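The values are calculated or read from the model by the stated rules, or taken from the named source; none is laboratory data. All of these numbers come straight from a predicted model, not from anything done at the bench. We place every Cβ from the backbone using ideal geometry, glycine too, and count neighbours over all the protein chains shown. Heavy atoms of the whole protein, side chains included, go into the accessibility calculation; ligands, DNA and RNA do not. Shrake-Rupley method; radii C 1.70, N 1.55, O 1.52, S 1.80 Å.
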Amino acid sequence: MFTYNDTLNFLSKLTYKRIWNVAKILASFYAAKWTGKPHQWGLPFNISFEPTTFCNLRCPECPSGLRSFTRPTGMLHKDFFRETIQELADHLIYLYFYFQGEPYLNPQFLDMVKYASERGIYTVTSTNAHFLDDENAKRTIEAGLDRIIISIDGTTQETYQSYRVGGKLDKVLEGTRNLIQWKKELKSTTPHIIFQFLVVKPNEHQIDDVLKLGKEIGVDQVVFKTAQVYDYEQGNPLIPTIDKYARYAKQSDGTYKIKNKLLNHCWKLWHSCVITWDGKIVPCCFDKDATHKMGDLKTDSFKNLWHSDAYNRFRIAILKSRKEIDICANCSEGTKVWA
């Protein structure tokens, strides 16, 4: 969801070529739904680029926090990033600097943000805000970042650390205040600052409190996100009791099932993708361990991979029986509840 100033900023990124590309993607998606064939006539207008797999926290449902990857871990290099963006910049509207890990741990992260911003791309990141010291906060504004999502997940240290294991709430608040102060100092309208509250059972009693806290500190928006948990069928202590904020519904026999009906189509396969720090393309953010690699950008061009047989086979599989694809089994669309 965009607010007024954020919407105007986003719309300023649109060009004729980008709008035409969106039209081709939309036409491709609906043609694929109607025919069952993997039509793809454009290039993605939304991608996620992974700055790093490393993280300072140990959140219980996160592969990065659990250090449970089977894929290589490392840092995105700005030269490779620039080469990829050069190929995509004319069509790309929205660039999300996040997949797994904490972006600010990559020392070249803000240089990459600046490079993308200078090419008129709407840039976003998600952070635990532990590295937003005064210098990084200023550099973030100067780099031109358009939106920053700050994970807060609790309004007291006890509640916050129950999920953000190893984290310090006072660091999150300090980093947020630094950003707000530098926005004022530099007379900048960006980034749009969001408090994101991942609703789990241990923190659901603080929903009203985080709204008040966001208003007191001066963030632009507070959003509530439903939590993905891996072992949910028999229940999970993280599943909230407030149904609105749960991805899973309790059945009459006491077991749980995901609310998503898993229809045989997926918009993400047509308009977006994820690029790992080492150049692998994966279909979406639910493929956290990059088990469904669509190709390697260090050996082939993005355009070739996006229209490749491998990608089209995966799109066909989605159109035929999405429930048989492992990364789709725990997928939930519409995971944010906007405050």
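Before moving on, here are some points about what is shown:
- Sole exception among (1) within 23 Å of Y248 (Cα to Cα); (2) crowded, with 16+ Cβ neighbours inside 10 Å for W182, by number: (1)
- Residue, farthest from the chain's Cα centre (by Cα), within segment 79-112, restricted to residues that are over 22 Å from S272 (Cβ atoms) and in a helix (DSSP H, G or I): D79
- Listed by position, the helices (runs of 4 or more DSSP H) inside segment 1-73 whose residues that are in contact with a helix residue (DSSP H, G or I) (Cβ under 7 Å, 6 or more places away or on another chain) number at least 1 are 16-35.
Listed here are the residues, each with its yes/no results for (1) under 20 Å from S64 (Cα atoms); (2) at pLDDT below 95; (3) part of a loop (DSSP other than H, G, I, E, B).
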{"site": "C273", "(1), (2), (3)": "yes, no, no"}
{"site": "D278", "(1), (2), (3)": "yes, no, yes"}
{"site": "D300", "(1), (2), (3)": "no, no, yes"}
{"site": "L305", "(1), (2), (3)": "no, no, no"}
{"site": "A317", "(1), (2), (3)": "no, yes, no"}
{"site": "N330", "(1), (2), (3)": "yes, yes, yes"}
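- Hits in segment 69-79 (condition: open to solvent by less than 70 Å² (accessible area, probe 1.4 Å) and farther than 18 Å from K293 by Cα): K78
- Checking V200 against (1) touching a strand residue (DSSP E or B) at 6+ places or on another chain (Cβ under 7 Å); (2) buried (at least 20 other Cβ atoms within 10 Å of the Cβ), the condition it does not meet: (1)
- Remark: E324 matches the filter, which requires a residue to be in contact with a helix residue (DSSP H, G or I) (Cβ under 8 Å, 6 or more places away or on another chain), of a type outside the set (A, V, I, L, M, F, W, C), open to solvent by 30 Å² or more (accessible area, probe 1.4 Å) and modelled with pLDDT under 95.
- Contacts under 7 angstrom Cβ, first residue in segment 171-186 being at pLDDT 95 or above, partner open to solvent by less than 20 Å² (accessible area, probe 1.4 Å) and in a helix (DSSP H, G or I), 6 or more apart: G175/A137; N178/A137; L179/A137; L179/T140; W182/A137; W182/I141; K183/I141; L186/I141
- Test: residue in segment 155-173 that is within 15 Å of the chain's Cα centre (by Cα), under 21 Å from F224 (Cα atoms) and surrounded by 18 or more Cβ atoms within 10 Å (Cβ to Cβ): no
- Whichever residue in segment 229-248 is open to solvent by less than 30 Å² (accessible area, probe 1.4 Å) and not hydroxyl-bearing (S, T, Y) and, among such residues, is farthest from E174 (Cα to Cα): G235
- In segment 293-320, the qualifying residues are those that are among the charged types (D, E, K, R) and more than 26 Å from E83 (Cα to Cα), and the one that is surrounded by the most Cβ atoms within 10 Å (Cβ to Cβ) is R315.
- Members of segment 20-30 that are over 24 Å from the mean Cα position of the chain (by Cα) and either under 25 Å from A116 (Cβ atoms) or surrounded by 15 or more Cβ atoms within 10 Å (Cβ to Cβ) (or both): W20
- L211 vs. criteria under 30 Å from S12 (Cβ atoms), open to solvent by 20 Å² or more (accessible area, probe 1.4 Å), over 24 Å from the mean Cα position of the chain (by Cα) and not basic (K, R): no
- Scan of segment 111-124 for residues that are open to solvent by 10 Å² or more (accessible area, probe 1.4 Å) and more than 16 Å from E87 (Cα to Cα), ordered by number: D111, K114
- Residue in segment 4-19 that is surrounded by fewer than 17 Cβ atoms within 10 Å (Cβ to Cβ), of a type in the set (G, A, S), more than 30 Å from Y163 (Cα to Cα) and modelled with pLDDT of 95 or more present: yes
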